[in-house]
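**Student:** The structure's right below; bear with me while I get my questions together.
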Amino acid sequence: MRVLEVFGICVVALLALLFLVFFRRRLLMAGGGTIRLQIRVSELVPGRGWSTAIGQFAGGTLRIHRLFSYAVRPKRTLDRSSTVVEGRRLPEGPERLTMPGHWVILRLSTTLDEIEIAMAESTVTGFLSWLEAAPPGQPGSVAPRPAIRPDPIEQ
């Protein structure tokens with residue numbers, strides 16, 4: 001009888017931990033402005049080291065929360081004013097097995113380091129729009145086009 005009690009307590013504890021993970025995910029996504037992505041946390045083995053995450057837009061920052069974590073704080077925070085897209089590529093090698101085929105990998109450069117994130121092509125469009133929406137002159141924003149003025153008509 002003692003073995004069944006211990007087993008039952010372990011099952012209840014496991015279910016409680018799973019509930020907490022999914023409840024945390026629900027809370028993060030409830031506020032809106034969230035995207036599904038993957039972030040590379042390790043580059044020790046080529047093509048490996050990706051972690052599923054939720055990106056949450058909050059003003060001028062993108063807060064990246066790892067999906068299977070109990071942490072309240074984000075794993076990474078990207079500041080729009082200091083983030084620049086260095087490159088864009090499709091998944092290759094083992095990466096094709098860990099993420100959907102329509103995802104794109106972006107190499108981002110920040111003031112601290114370079115990171116790689118992966119997201120769906122449609123999400124990349126929104127992410128790049130968010131980056132370009134920074135105030136003029138900020139890194140990552142697009143420089144305005146010069147105004148074309150017609151020649152004055154001589155009379």
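The values are calculated or read from the model by the stated rules, or taken from the named source; none is laboratory data. Here the structure is a predicted model, which means the values were calculated and not measured. Ideal geometry is used to build each Cβ from the backbone, glycine not excepted, and the neighbour counts take in all protein chains shown.
**Student:** Might you check whether a residue that is at positive phi and of a type outside the set (Asp, Glu) occurs anywhere in the range 13-25?
**Tutor:** As a first pass, look at the range 13-25 and keep what is at positive phi: none.
No; the residues of the range 13-25 include none that is at positive phi and of a type outside the set (Asp, Glu).
**Student:** What are the residues in the range 1-20 that are over 15 Å from Phe68 (Cβ atoms) and of a type in the set (Phe, Trp, Tyr), if any?
**Tutor:** Matches in the range 1-20: Phe7 only.
**Student:** Can I ask one more? Against the condition outside any loop (DSSP other than H, G, I, E, B) and in contact with a helix residue (DSSP H, G or I) (Cβ under 9 Å, 6 or more places away or on another chain), how does Ile39 come out, does it pass?
**Tutor:** Details: outside any loop (DSSP other than H, G, I, E, B): yes; in contact with a helix residue (DSSP H, G or I) (Cβ under 9 Å, 6 or more places away or on another chain): no.
The answer is no for Ile39.
**Student:** Right, next: Only one of these conditions is not met by Arg88: (1) more than 13 Å from the chain's Cα centre (by Cα); (2) at pLDDT below 90. Which number is it?
**Tutor:** Only one criterion in (1) more than 13 Å from the chain's Cα centre (by Cα); (2) at pLDDT below 90 is unmet by Arg88, namely (2).
**Student:** Then there's this: Would you check which residues across the range 47-74 are assigned to a loop (DSSP other than H, G, I, E, B) and within 15 Å of Met99 (Cβ to Cβ) and list them? First the steps, then the outcome.
**Tutor:** Within the range 47-74, the first condition is being assigned to a loop (DSSP other than H, G, I, E, B), and the residues that meet it are 47-49, 59-60, 67-74.
Passing the criteria: Gly47, Arg48, Gly49, Leu67.
**Student:** Still on this structure, I have one more. Looking only at residues in the range 56-98 that are touching a residue at least 60 places away in the same chain (Cβ under 8 Å) and not aromatic (Phe, Trp, Tyr), which one is surrounded by the most Cβ atoms within 10 Å (Cβ to Cβ)?
**Tutor:** My answer is Leu62.
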